[in-house]
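Working notes for the structure below.
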Amino acid sequence: MLRMLLLLSLLAACSLPGTDDDDASADDDDAGDDDTTDDDDDSVSFDFESIAFSLSFEADAAAGTAAGELAVHYEDAPAGGQEICRQRLRWTATLAFGGDVVQTCPTCTGRIEIDPESVLDVSNPDFEAADCDPAVLVAAQANWGQAVLTPRAEGGRGDFLLLGLIDIDRLEALGLAVDAAGTYDAASLRLLFEQDGAAISHLGYVLAADGSMTVGSGVSTLAGDAGAGGDDWLAWWQIFRDPAANPHEGVDLSGAYLGRGLWNIDF
């Protein structure tokens with residue numbers, strides 16, 4: 001299925017803040033630092049070349065809520081390497097549909113707004129062999145799941161806390177493509193998912209904000225935008241369903257869905 005790849009040329013552009021030698025305190029630049037904590041000497045080696053993202057969630061249209069899981073897939077090579085491990089974070093969210101539900105995105109027909117207080121890393125390699133060890137990700141400054149689900153005001157990247165949605169029919173009517181080059185439009189997406197026995201439901205868009213992973217990595221130069229008035233909202237997610245298990249169609253979301261990130265971040 002559709003897999004777009006992004007080469008991230010500078011690792012420093014995506015390093016998490018607060019634990020390296022560029023900090024003003026508590027690191028090797030401190031005269032009184034004893035090299036035992038909070039510096040690069042304490043980092044743990046965790047070698048990966050790429051990260052990809054996926055979603056699974058259940059939407060309750062009547063209640064206007066959703067609950068699900070974000071997975072970050074750490075891979076050993078760019079352009080679709082083997083998965084080393086996955087990080088899994090559970091979350092709850094509110095849903096809204098219709099016009100004017102996403103500020104600065106007039107073309108959006110819905111939103112998923114994740115509550116950052118609900119986010120819980122449930123990765124546990126002792127019970128799920130494919131899971132990453134959360135302590136290793138933190139020590140290696142590779143905790144990307146928490147980064148994209150933590151507000152920028154609190155030191156995170158915040159990319160996936162608010163997703164603007166455009167349903168596939170609206171996407172087609174607007175003539176939008178998911179990539180800036182205009183290669184993949186609504187008709188292309190429908191065909192790709194139908195060939196896999198799935199049904200594309202919505203595109204999920206994220207705000208290209210300063211400090212976000214989307215801007216820092218360069219995704220903002222490759223992703224298609226949400227159209228007139230929504231050019232700061234960039235395509236990130238393909239949200240789809242198994243039509244045999246969830247026959248729901250429409251602007252809103254109801255039942256079980258999966259999400260696949262359009263972009264890999266390669267280091």
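Observations
- Under Karplus coefficients 6.51, -1.76 and 1.60, residue-wise ³J(HN,Hα) of the stretch 223-228 in Hz, glycine/proline x: 7, x, 9, 8, x, 3
- Packing rank of 231-237, 177-183, where each peptide gets the mean count of other beta carbons within 10 Å, highest leading: 231-237, 177-183
- Net dipole in debye of the stretch 59-140 [+1 Lys, Arg Cβ; -1 Asp, Glu Cβ; about Cα centre; nearest 20]: 280
- In sequence order, calculated HN-Hα J values of the stretch 82-92 (Karplus, 6.51, -1.76, 1.60; Hz; x Gly/Pro): 6, 6, 7, 6, 10, 9, 10, 10, 8, 7, 10
- In plain terms, the C-alpha convex hull of the stretch 113-267 casts an average shadow of 10.7 nm² when viewed from every direction.
- Kirkwood Rh, Cα atoms: Rg over Rh of the stretch 80-151: 1.11
- Hz values of 3J(HN,Hα) by residue in the stretch 240-246 - Karplus curve (6.51, -1.76, 1.60), Gly and Pro given as x: 9, 9, 8, x, 6, 8, 9
Read-outs throughout are calculated quantities, based only on the coordinates presented, and are distinct from any laboratory measurement. Predicted, not measured: the structure shown is a model, and the values here were computed from it. Note: ideal-geometry Cβ built from the backbone for every residue, glycine included; neighbour counts use all protein chains shown.
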